[in-house]
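Down below is the structure, laid out as structure tokens.
Each value in this text was obtained by applying a stated rule to the coordinates, not by laboratory testing. Quantities reported herein were computed from a predicted structural model and do not represent experimental measurements. Glycine gets a Cβ as well: all are built from the backbone with ideal geometry, and neighbour counts include every protein chain shown.
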Amino acid sequence: MKLWGGRFEGGPSEVFERFSGSLHFDRRLLDVDCRGSQAYARALERVGILTATECAALVKAFDEIRAAARQPGFFDGATDEDVHTLVIRKLKERTGELADKIHTGRSRNEQVSLDVRLWLREEIDSILERLTRVMSALLTMARKYPHAVVPGYTHTRRAQPVLWPHYLLAHFEMFARDHESLANARRRANVMPLGSGALAGSGFPFDREAIARELGFDGVTRNSMDVSADRDFALDFLYAASVSMLHLSRLAEDWILYSSEEFGWLELGDGVTSGSSLMPQKKNPDSLELIRGKTGRVFGAFNSLFVTLKGLPMTYNRDMQEDKEPLFDAADQLSASLEMMEAVIESTRLHPDKPARDAEESWTVATDLAEALARAGTPFHQAHQLVGRLVLESVKQGKKPADWTPAQLTAFAPEFTAGIARLLHPSEGMKTREIPGGTGPAAVACALEEAEARLKQWTR
Ligand code: ARG
């Protein structure tokens with residue numbers, strides 16, 4: 001069956017049908033397609049195209065199709081051009097000629113926009129839920145190690161000591177922004193396009209607001225040509241999904257390193273790692289590597305649709321059918337990666353002694369010392385020089401910060417008073433960073449509570 005054909009003398013060639021058919025991927029829209037069509041049937045009844053009995057028969061048939069589609073084998077042997085065509089064929093099998101009325105004044109151009117919006121809205125809801133679970137796992141881990149000190153890095157060089165919860169909260173903030181971006185993409189998608197027709201607006205006086213209300217949309221689209229031409233809402237999602245994957249990938253990269261023998265900070269659970277077919281001792285972080293790997297794939301999805309839309313003339317062009325595969329794939333990969341990341345975080349243990357020792361042994365306290373000198377009156381540039389010389393001398397002698405006694409320090413330079421010598425311990429200097437957003441223990445405890453409160457609002 002076709003939704004067109006009167007104007008043609010010959011049918012489509014086999015190669016064209018094979019080339020242009022989208023059922024093998026857009027079948028995923030069947031459920032939302034039926035729900036959208038039920039709302040459309042009610043709209044047709046309100047404008048007098050369908051009687052109440054006819055409308056009820058169609059609505060019931062759509063419910064039957066939805067149920068049938070959940071059974072295995074439903075799509076076997078189907079050769080329809082796309083999911084919209086298949087649904088109407090199934091409707092015809094159930095309601096006969098009455099089915100010929102459902103597409104009155106409707107175009108697949110608005111229908112596909114509606115379907116993708118409905119599908120995306122639900123997909124984003126489930127992704128947001130998985131994202132909040134990842135964020136919650138980070139906070140749980142932060143609560144487990146409130147005092148753990150680790151070196152923070154710049155340029156992959158030990159820089160300044162930070163609390164492990166402070167580090168985890170940095171990732172939390174990135175995911176919190178992702179939450180906002182994804183919620184914004186949902187808002188962009190949640191606008192009702194029906195009534196737009198193919199491009200010029202429907203020839204039937206639908207109450208579009210009523211359709212929007214029935215389908216749970218925030219409002220209606222404002223321009224029929226825009227509806228047929230627009231996939232910005234899909235791009236918004238793909239961008240938000242890409243940045244979310246970017247954040248997952250950076251966390252993955254960190255933990256691949258931190259769980260290596262070279263770092264020895266983290267122990268990943270057996271359940272999220274795998275062994276080697278040859279080397280018996282290996283415990284590989286494949287779960288995290290795959291998250292990092294899938295990130296490129298999601299960037300590709302964004303890029304794919306971005307480039308597809310470039311230069312398309314107003315309004316609908318069949319190129320736009322190429323929106324679905326990248327969109328579906330990006331949502332699947334993000335969703336799976338979030339689920340995986342939650343399991344990784346839950347299974348991971350920190351060995352706090354190792355990073356604490358790493359922070360103590362290197363001169364991560366150097367900035368604390370220089371700032372303390374500056375607070376005591378030494379101009380900062382001179383303080384920086386002085387501590388720099390202390391570090392150089394220590395490196396030459398193979399001395400760690402803890403090897404210096406207060407007396408030796410004062411002998412090195414009188415500016416180093418006994419009070420300043422205390423700061424040779426990473427956990428001491430940290431206490432000078434009680435600024436909002438800093439790694440001071442009280443500031444971090446506060447930030448942790450604030451983060452928990454924010455997350456609670458999102459999980460209500
Ligand atoms: N399968 C098509 C798509 O996804 C549906 C819209 C078809 N519209 C058309 N004018 N051929 O874009």
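Among the aspartates and glutamates, which have Cα under 16 Å from the Cα of LYS282 when same-chain residues fewer than 8 positions away are ignored? Partners found: GLU261, GLU262, GLU267, ASP270. Looking at the range 349-460, the pairs of alpha carbons with a distance over 21 Å make up 46% of the total.
Taken as Cα centroids, the range 376-396 and the range 227-304 sit 41 Å apart, rounded to the nearest whole angstrom. For the chain, a simple Cβ point-charge model (Lys and Arg +1, Asp and Glu -1, everything else neutral) yields a dipole of about 520 debye relative to the Cα centre. If the chain linking GLN397 and THR459 were pulled fully straight, counting 0.36 nm for each residue of separation and taking away their Cα-Cα distance, it would gain 16.8 nm.
Put a dot 7 Å past the Cα of THR417, heading toward its Cβ, do the same for PHE306, and the two dots end up 5.6 nm apart.
At a Förster distance of 51 Å, what's the computed FRET efficiency of LEU257 paired with GLN71, Cβ-Cβ distance as r, to 0.05?
Between LEU257 and GLN71 the formula returns 0.60.
Toward the positive end of the charge dipole of the range 119-244, with +1 on the Cβ of Lys and Arg and -1 on the Cβ of Asp and Glu, the farthest Cα among PRO165, ILE127, SER224 is that of PRO165.
Projecting the Cα atoms of VAL243, LEU290, SER337 onto the charge dipole of the range 243-346, computed from C-beta unit charges around the Cα centre, puts VAL243 farthest toward the positive end.
Loop-located trypsin sites (Lys or Arg not before Pro) in the range 151-237 (DSSP state other than H, G, I, E, B) with a sparse environment of at most 14 neighbouring Cβ atoms within 10 Å: ARG222. Among GLU64, GLU122, a tally of other beta-carbon atoms within 10 Å of each Cβ gives an order, fewest to most, of GLU122, GLU64. The simple Förster model, with R0 at 56 Å and r as the Cβ-Cβ distance, assigns ARG389 and ARG213 a FRET efficiency of 0.15. Over the chain, Cα pairs under 8 Å with separation of 6+ residues give a relative contact order of 15 percent. Our estimate of slack between GLU346 and THR410, defined as 0.36 nm per intervening residue step minus the Cα-Cα distance, is 18.3 nm. Using the Cβ-Cβ distance between ARG46 and ARG94 with R0 set to 30 Å, the FRET efficiency works out to roughly 0.85.
Cross-link partners for LYS92 among the aspartates and glutamates, with Cα-Cα distance under 19 Å and sequence neighbours closer than 8 places in the same chain left out: ASP31, ASP33, GLU45, GLU54, ASP63, GLU64, ASP76, ASP80, GLU81, ASP82, ASP100. Compute the long axis of helix 366-375 from its Cα atoms, compare it with the longest principal axis of the Cα atoms of the chain, and write down the angle in degrees, 0 to 90, nearest 10. Helix 366-375 sits roughly 70 degrees off the main axis of the chain.
Computed on the range 167-295, with alpha-carbon pairs under 8 angstrom and 6+ residues apart, the relative contact order is 22 percent.
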